[in-house]
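In what follows, a structure is listed as structure tokens, so that the remarks can point back to it.
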Amino acid sequence: VAIAYGRMYLLGDFTSINGVGRRGLAALDVATGALSGFAATFYPEGRTTTALSVSSIGVYAGTPGRLWGFDASSGTTLFYRDIAVNAIAATSARVYVGGGGRLRPVWAVDPLTGRDLPWSIGLSFRLLSDYVDNTSVDALLLDGGRLYLGGYFLTTDNRRHLAAVDAATGQALPWRASSDLPSPTGLLRVGPAI
């Protein structure tokens, strides 16, 4: 769920909302609860939608095999492209996409076209297993100019399951979580300020 532009965006494995056909993405008016016409023609072709992010110009939805961008005002499709998507974090300048594979687990795309941007992550990843590359970034969080990564990974400088990079440059930040995290991190949230 995300709230922006007077709408509550719902993402998940569903085919209708209040008896009206919607396939995995719907928007409700925050004030009235009425179903919006936003992205009414969205059809993920049997794919389960698993990632959602909102920026000042767009709403972005992803499945394990595709990324969609929608105009924030009208809900019209800006782009879609076939790429592995586990997580999304969007700004008006970049849409960060977390996926799988040690060589490119995070990349950035243009928020209007979906084309790759010349941004690369300043971390190197290594195998957690000797037999298979199951590296994955399953959660992304933007906060204060930082892009936090969560998932099933190990960096070459021993950051396990959590890492942070500068969102603008992609360079690794000295921030480190405990080195003994018990399991992969698949959800990151910002809590209230203390």
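The values are calculated or read from the model by the stated rules, or taken from the named source; none is laboratory data. Owing to the predicted nature of the structure, the values given are computational and were not obtained by experimental measurement. Heads up, the Cβs are rebuilt from the backbone with ideal geometry, glycines too, and the neighbour counts pull from every protein chain shown. All accessible areas refer to the heavy atoms of the entire protein, side chains included, with ligands and DNA or RNA removed. Shrake-Rupley method; radii C 1.70, N 1.55, O 1.52, S 1.80 Å.
Details
- Rounded percent of accessible protein surface that carbon and sulfur make up, the chain, 1.4 Å probe: 51
- Value of relative contact order over the chain, rounded to a whole percent, pairs C-alpha under 8 Å and six or more apart: 11
- Distribution of pairwise C-alpha distances over segment 1-84, 10 Å bins, in %: 19, 58, 22, 1
- For the chain, the solvent-accessible area works out to 49 Å² per residue, with a probe of 1.4 Å and every protein chain left in place.
- Over all pairs of different C-alpha atoms, the chain has a mean inverse distance whose reciprocal, the Kirkwood radius, equals 17.3 Å.
- Legend: residues 112, 154, sorted from most to least accessible area (1.4 Å probe; ligands, DNA and RNA excluded), read 112, 154.
- Rounded, prolate or oblate (a/c below 1.5 giving rounded, otherwise prolate when a/b exceeds b/c) for segment 84-150 by Cα gyration tensor: prolate
- Shown is the FRET efficiency for residue 74 and residue 31, computed with R0 = 25 Å from the Cβ-Cβ distance and rounded to the nearest 0.05: 0.85.
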